[in-house]
Structure formats: structure tokens, C-alpha cells
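Notes to accompany the following structure.
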Amino acid sequence: MCAWERYETCLQQVGNTTFIEVGCILMTIRNKLIAAFIAITIIPILIITLFVSRMVMEREQAYFDESSGKQMAEVDNGFNVFLSGVAENAMAMSESALLKSVDGTMPNYMSIGQASQLQEPTTGKAGEVYANFTQVGKAHPAYAYVYMGSSQGGYLQYPASTIKANYDPRTRGWFTTGMSGNGKPVRTAAYFFPEDDATIISTVQRFTDATGGYGVIGLDVSLKQLTESVKRVHFGQSGYLMLVEDTGNVLADPSDPAHNFKMLDSLGDGYKQLAGLTSGRTEVTLNGKQYTANVYHSERLGWKYIGLIESSEVAAKAKSIALMIMGMGIVLILVFVALGWTLANKLIAPINQTSRSLKDIASGEGDLTRRLDTSGKDETAVLAEGFNAFMARIQMLIRDIRSSSQSVEQSAGSIGQQATTLDNAAQRQAQAVDMLSTAFHEMVATSNEVAQNCSNAAAAAKEGEDQAGVGQKVIALMIKQVEQLGQRIQAASGSIEGLAKDTHAINDILGTIKGIAEQTNLLALNAAIEAARAGDQGRGFAVVADEVRALAKRTSDSTEQINSLLTQLVDSTRSVTQEMQESLVQSNASVAYTAQVEAAFAGVHNAVTVIKDMNMQIATAAEEQHQVAEDINRHIVGISSDAGKVAEVVGATKTVSHSLVTVSEELSGFVGRFKI
């Protein structure tokens, strides 16, 4: 592909890329405008939605707190008024003259061993008290029972019912509770009475009777109506009210009656959380549902009222408002998208017109005289003026390039000729250097071999010198050992001569011993003869004489044996003495020969030392010659490498010069295509 074709393709690619990028920019501007309108709509809507939802949620929670608090306060007030009235009635009855006039005629059931029906007395003090109890009970339907117990064990109750065997009121919890009140009404904890299917609370108070004794009057109140009123309390659609005593005992749970009269913290994690809360609002999970709880604590009764409502119901209104705002936001978004689309199209219309003009210029035949329309006062007119100025600069640049390309073409041809000549000379130089490098490399190898052989000869000579020195030391040691051996042989010879003399002396001693033995034998023989003459008187002496003669005989025999051995020893000593004399002579001869060998080894050692020194000098000279040859060879190799590089550079220069000629020709043709 020629330079002009490459330029035309490049220009087309640049032109296409330019318009594609312009199109992308225009699309980006349109999208940014539309996105800006959408963002301007969405962000405030989201902020308003979140703010309003939070405000509505907080308002609903506050409304729940306020409404549930009011209802729980009303329920508490009703309970308090009712129970306060019961306490006031119990106090009034305990202070009445009728109750204080009670005597020992009250019915007593401690000795009745079976369950029996309570009496309804009509006469005496008991009849008057019972009539009063009847009047109070009928006047207050919520009173389940009106009763009293005295310190004598008497018991009276309205309405009458069945009583347990051996009934002693003084041992009952209500009696002991009333006695501990210090003259004030005391309210017991609530309990469920299955016979009446009702929740009962007892209010008891101590009194003093006419006998000086004491007693307790009690009013049992059914909370059925009050708990029913608790069940009727509702908060919204799912809310309800729980009633819990100060002990944690659940009095009423409309959501699950099975929870009644159970400890609140034993019903589960959510209820345990409620049990630990004295007052205020919290979020709990009960039976898998999320609840908002408002706890109200009664200061007068000590009870706890828990208002519960599903959290989803509290948030329902906030969700509906949020959905409504979101719906309005979607409508506004669509409106602003349409508005942004229309406005964006109007804004980019001039840019599209400029883009089409640029495309027309880029698709021409290199006409640099064409210009964009600069009419108008908007940003596109400014863009067109800038582009026209750019085209004018390009036009001047192409004109200068056309002039310079012709000069480059001429210079490139001259450089190509010179590069060809230089390439030929560099190739001849490289060949000559290669031949010189090969010859000198062989010489270096030969010099290296000579130096190696000289080093080996020097090493061998050094080893011979060391061995000769070792041999000389060994011979000197051997001479010394042989001399010492001669001296020891001579000393041994003298010792053996002394031994021979001692042996002759022993023989003399043995002759003396032998003579003594013979004399002893003769004396023993004479003694035996004398003993024989003496007859029986000399028999004992004869025996001793025989023993002495036998001993003399053994001494004589032993002396003969020793004499024989000493004779053999003398003969052996004489023979050894002769042989040692001969060894001494040979030892002296060996010493003389060894001295001659030592002198010969000294001469060898001196000769080897001279040879070693000469070899060392030769090896040193050969090594120096080898080092010089190596340096020369290294320089020759460097010259050869440089010559190769020069040849490569010259070849590359030749190629580049040819390419430069081609490019300059193509550049001239390419620039000639432009209309300037």
C-alpha cells in the first residue's frame, strides 16, 4: 500500500471516528440533559418521601402513645376508683358498732369433720351481722363474697356456700394478711376462682369485737367486669391491652387467655422484654409478629398496663402516603423526561448541522480550501470559526510539507548511494577481521598448551624434589638406626661373653655340690653299716641313713642334669656370640653403603632442584605469553564484533535510506493530492 493510500485510509478512519465520537458526545449531551431533569425530579421526591414518611411514622407512634396512654389511664382510674371504694367499705364495716359488738355466738366449723353448708343465722348478733352482710352484698353486685372471721374461730359468709371440713379461718391467708394491715385495708393478690369462673381480689381489714378479741372482715371482689372492660379496649385494628400485676402475674391477655395467671417473663423472649420494662414504648416480637408496645405503670395500684399494636399497622399510613408521593413522583418524572427530551433536541440541532458540514469536508478529495458556515452568534458559530482557522493552519502546513518533501527525496537518494559504498567496505573489513581472529585464536590455543605442559613439568620436578628430600631423610634415619643396631649387637656380645663366664662359674659350683653329694652318700652308707651292726637298736638310724643316701642320690642326679644343660647353654652362647660378631661386621658394612647412597641422593636432590627452578621460569614466561595472547585475542574479537556491528548498522542504514527514498517519493505524491 502506497503512502497516499495509507494517508487516505487514515484520514477516513479519523473522519469516521470524529463523527462517531461527535455523535456519541451529542448523545451524551442529550442523555445528560434528560438525566439531569430526572435527577432534579427524583432527588427532591425521594427526600420529601423519606421526610414525610418519617414524620407520619413518628406522628402515628406519638398518636398511639397518646391514645393508648389515655385509655390505659382511664382503665386504671376505673380500677382504682372501684378498688378504693371496696377498701373504704371494708374500713367502714370494720369500724361499725355492729361488727364491734360481735360476741362468741358466731358459727364455728372447726370441729366439723366433713365439708358442710354454711349457716345463715337469723337471730342474735350473728343474725344481725349476716343481715348486714346480705344488705351490702346485694347493694354491690360486684362483691362476690362478704365474710368475717373471729379470734375464737367463728366464721360468717354471704352468700352461703359449702365449706371445707375443720375449717379454721385463723389459719387462712386472708386472715393473716388482714391482721398484718395495722388497722388499714389490705388488698391481696388476684387469683382465679374456678367455682365462680372469675378473677377475685380480696380486701381485708382487722377489727376488734365486744369480747376484746379481734377478727378480720373481708370483701371478695370479682374483676370479671373489669377484665371484660380490658378486653374491650382496642388500639386500631390489631391492638389490645394486657393487664399485669406488680408481681408479674398476668391478669388479662385478650390475645391468648391461656396466659392468664402466669408470670409474664415465663411466656417467651418478647414477653420477657416487656416484663423488664417499667414504662415507655418499645418494639417487641410476639409469636412471630412485630409489635409496638406502650407500657403504663399505675402508681396507685402498682399494676402494669401494656398496650400492644402490630408495627405494620402503625406504619401502614406512612406507607400509603409514601406510595402516593411516589406515584406523583413517577408522573413528574415522565413529564420532566418529555420536557428534557424536547429541550435536548432543540439544543443539539445546531451541533448536528455543524457535524454534517464536517462530514462533507472530510469526505472530499483533500480540498483544504473549503470552510464551514460561520453565520450566527451561538456556540456552533464559534466552533465553525475555530475549525476554519484550524483548516487554514493545516493548509499552510501541507504547503510547507510539499516543499520539504522534495528536498528530503533528493537527500535520501544521495544517502542511499553513500550507504551502499560504505556497506561494501564494511563487509570486506569484517571478512579480514574474521580471518585474523581465527588464526590468532589457534595461536592462543597452542600457547595455552605449552604453558600447561610447562606447568605440569614444573609440578613433576617439584614432586621429584620432595621425594628426593624424603628419601634422603629416610637414608639418614636408616644409617642412624644401623649404627644403633651395631652398638646394641656389640653390647649383647659382651653380655653373652659374661654369661659364658658365669656359666663356667656355675659348673664349678655344681662340681662342689656333686662332691658334697658323694661324701654324703658315703657317710650314709657307713651309717647304714653301723646301724646293721647295732641290730634292733640301730634300726631307726638305718632308716634315716637310707633316706639321706636317697637324698644324696637325687642331688647328684640333679647336678648331672644341670651340668648337662649348662654345657648346652655354653655351646649355644658360643654359637650366638660368633653369629653376633658376624652381624656386627655386616652392620658396619651396611653403614658404609648407606652413607654412599645418601651422598648419591643428595646429588639427585640438587639436580632435581635445578630442573624445578628452570621449569618454573619457563612456566612463568609461558603463562605471561599466554596472558598477552589472550589480551590480543580479546581485542581482536572485540574488533571483529565491532566490525560486525558496523556492517549491520551500515546494512540497516542502507535499508533505511532505501525506505527513506521510497517514503519521500510517497510523501511527495501524497502531498500532491491536496488542493491548496
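The values are calculated or read from the model by the stated rules, or taken from the named source; none is laboratory data. If you're wondering where the values come from, they're calculated on a predicted model, not measured in any experiment. For neighbour counting, all protein chains shown are included, and Cβ atoms are generated from backbone atoms with ideal geometry for every residue, glycine included. Note: areas computed on protein heavy atoms with side chains; ligands, DNA, RNA excluded. Shrake-Rupley method; radii C 1.70, N 1.55, O 1.52, S 1.80 Å.
Residues in region 179-238 that are hydroxyl-bearing (S, T, Y), touching a residue at least 40 places away in the same chain (Cβ under 8 Å), more than 17 Å from N89 (Cα to Cα) and not in a loop (DSSP other than H, G, I, E, B): 4 in all. Within region 462-475, one or more residues are among the β-branched types (V, I, T), in contact with a helix residue (DSSP H, G or I) (Cβ under 6 Å, 6 or more places away or on another chain) and in a helix (DSSP H, G or I). V570 falls short on exactly one of the conditions (1) within 60 Å of the chain's Cα centre (by Cα); (2) surrounded by 15 or more Cβ atoms within 10 Å (Cβ to Cβ), and that condition is (1). Residues that are of a type in the set (S, T, N, Q) and open to solvent by less than 50 Å² (accessible area, probe 1.4 Å) within region 97-121 comprise S101, S116, listed in sequence order. Of the residues that make up region 541-550, is at least one over 25 Å from L499 (Cα atoms), open to solvent by 100 Å² or more (accessible area, probe 1.4 Å), assigned to a helix (DSSP H, G or I) and modelled with pLDDT under 75? Yes, region 541-550 has at least one match. In the set (1) crowded, with 17+ Cβ neighbours inside 10 Å; (2) modelled with pLDDT under 75; (3) not hydroxyl-bearing (S, T, Y), the condition left unmet by E483 is number (1).
G248 falls short of the stated requirement of being farther than 26 Å from K70 by Cβ and modelled with pLDDT of 85 or more. For region 41-85, residues that are of a type in the set (V, I, T), open to solvent by 30 Å² or more (accessible area, probe 1.4 Å) and closer than 30 Å to P141 by Cβ total 1. Filtering region 160-189 to residues that are open to solvent by 50 Å² or more (accessible area, probe 1.4 Å), more than 15 Å from S116 (Cβ to Cβ) and not polar (S, T, N, Q) leaves R170, R172, K184, R187, A189. Scanning region 190-209 for residues being open to solvent by less than 70 Å² (accessible area, probe 1.4 Å), closer than 21 Å to P141 by Cβ and either at pLDDT 90 or above or not aromatic (F, W, Y) (or both) gives a total of 9.
Here region 262-282 is the region considered, the condition is being surrounded by 13 or more Cβ atoms within 10 Å (Cβ to Cβ) and charged (D, E, K, R), and the residue that is farthest from the chain's Cα centre (by Cα) is K262. Taken as a whole, the condition of being on the phi > 0 side of the Ramachandran plot and of a type in the set (A, V, I, L, M, F, W, C) applies to F261.
Taking the criterion of being within 19 Å of I200 (Cα to Cα) and within 53 Å of the chain's Cα centre (by Cα), the residues of region 236-261 that qualify are M242, V244, D246, T247, G248, N249, V250, D253, A258, H259.
Given the criteria polar (S, T, N, Q), open to solvent by 80 Å² or more (accessible area, probe 1.4 Å) and either in contact with a His (Cβ under 9 Å, 6 or more places away or on another chain) or within 23 Å of S564 (Cβ to Cβ) (or both), does T512 qualify? In short, yes. Checking region 449-456 against the condition returns no match, with no residue being open to solvent by less than 30 Å² (accessible area, probe 1.4 Å), modelled with pLDDT under 75, among the hydroxyl-bearing types (S, T, Y) and assigned to a helix (DSSP H, G or I).
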